[in-house]
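The values are calculated or read from the model by the stated rules, or taken from the named source; none is laboratory data. None of these values were measured; they are calculated from a predicted model. Quick reminder, even Gly has a Cβ in these numbers, built from the backbone with ideal geometry, and neighbours come from all protein chains shown. With ligands, DNA and RNA removed, areas are computed over all heavy atoms of the protein, side chains included. Shrake-Rupley method; radii C 1.70, N 1.55, O 1.52, S 1.80 Å.
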Amino acid sequence: MNDTAPETFEEQLRRFRPAPPPQGLRSRLLAGDGSVRRPPVRWERLVRIAAAAVIAAALLVHGLVERSTAPPPPTAVAPPRTETRPVELRQIELIAAWSRQAARTQVRLPDLAARRAQLEALLGS
Amino acid sequence: MNARDRHSRKTAPQATAPGSGAPAALARLYDEHAARLYAYACVLARSPDEAEDVVQSVFLRLAKRPGRMVGVENPRAYLFRSLRNEVLRQRSRWGRWRRGDAAAGTVHLNGYVTGAEAQFDAEAVERAMAALPPGQREVVFLKVWQEMTFAEIAALLDIPANTAASRYRYALEKLRGLLRNE
């Protein structure tokens, strides 16, 4: 590992010294006997906590109001139709419906008439 | 002991280890390391006020559980790790309401100390440092002003040493460019 990066620039930077801690920090942190003092509660923190509490309360109230004024959910929901016929029959019916529609709209496909006849014969109609 | 403390803590107690619980030991620890810790806190925290708070919190935790320092081989590494954890803890606590946390913090310099004529002033260096990405800024601070090796930086930041070295290289290039344009 190369720990010696560009020295001249690094040395230029190193000639600056980081600022020391404020004079009051030691006395605020340590009592005369060297024991640690508790940090004072900053107003900034209190304001932040109060703001968070107000926002939370507002959101809660908003949620409750929304809930109380919302329309009731629909009660009567039709049950899903249960299909008892076999799948093949339904497919045939569907194809027949398509072919009838194609006939109505005068779509001319070469084998449409033959297929329709087959399907109708199959369905017995 | 977790894996993070491995670099700074040994199981055998050291004769010189502070943390016996005596207030005098804590005061001595403060006098030895507070300046470096505060400088590091300025790099990590959003403001000098917050940096003071973080330093105070680190010492408060030590005062509550003085046994933590028993057996610590490298008090500086341990304190730097504690300080970094404290900043991350506070940031995760309040981060949701704050924007620009990651971009916050820079080194606060006292001015040009010794040597030849300065090519740039302290404020320009502070501004250039503030313009770096946080990861690079931290590595530059630890390497230049704390004179840590890449291995020590890697252990502190939980990154590979090669990553620390490459961050440092990129950061120095950026710093050069920024200071040239000042």
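Brief remarks on what is shown
- Subset of segment B:126-143 (residues that are buried (at least 20 other Cβ atoms within 10 Å of the Cβ), more than 10 Å from every other protein chain (Cβ to nearest Cβ) and in contact (Cβ under 8 Å) with a residue 40 or more places away in the chain): B:Leu132, B:Arg137, B:Glu138, B:Leu142
Residues are listed down the side, and each one gets a yes or a no for (1) more than 24 Å from B:Gln56 (Cα to Cα); (2) in a helix (DSSP H, G or I); (3) at pLDDT 85 or above:
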{"site": "A:Met1", "(1), (2), (3)": "yes, no, no"}
{"site": "A:Leu13", "(1), (2), (3)": "yes, yes, yes"}
{"site": "A:Arg26", "(1), (2), (3)": "no, yes, no"}
{"site": "A:Gly34", "(1), (2), (3)": "no, no, no"}
{"site": "A:Glu44", "(1), (2), (3)": "no, yes, no"}
{"site": "A:Ala51", "(1), (2), (3)": "yes, yes, yes"}
{"site": "A:Val54", "(1), (2), (3)": "yes, yes, yes"}
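- Members of segment B:144-164 found to be on the phi < 0 side of the Ramachandran plot, open to solvent by 10 Å² or more (accessible area, probe 1.4 Å) and at the interface with another protein chain (Cβ under 9 Å from one of its Cβ atoms), listed by number: B:Trp145, B:Thr149, B:Ala151, B:Ala161, B:Asn162
- Test: A:Asp111 is acidic (Asp, Glu), under 30 Å from B:Ala35 (Cβ atoms) and modelled with pLDDT under 75: no
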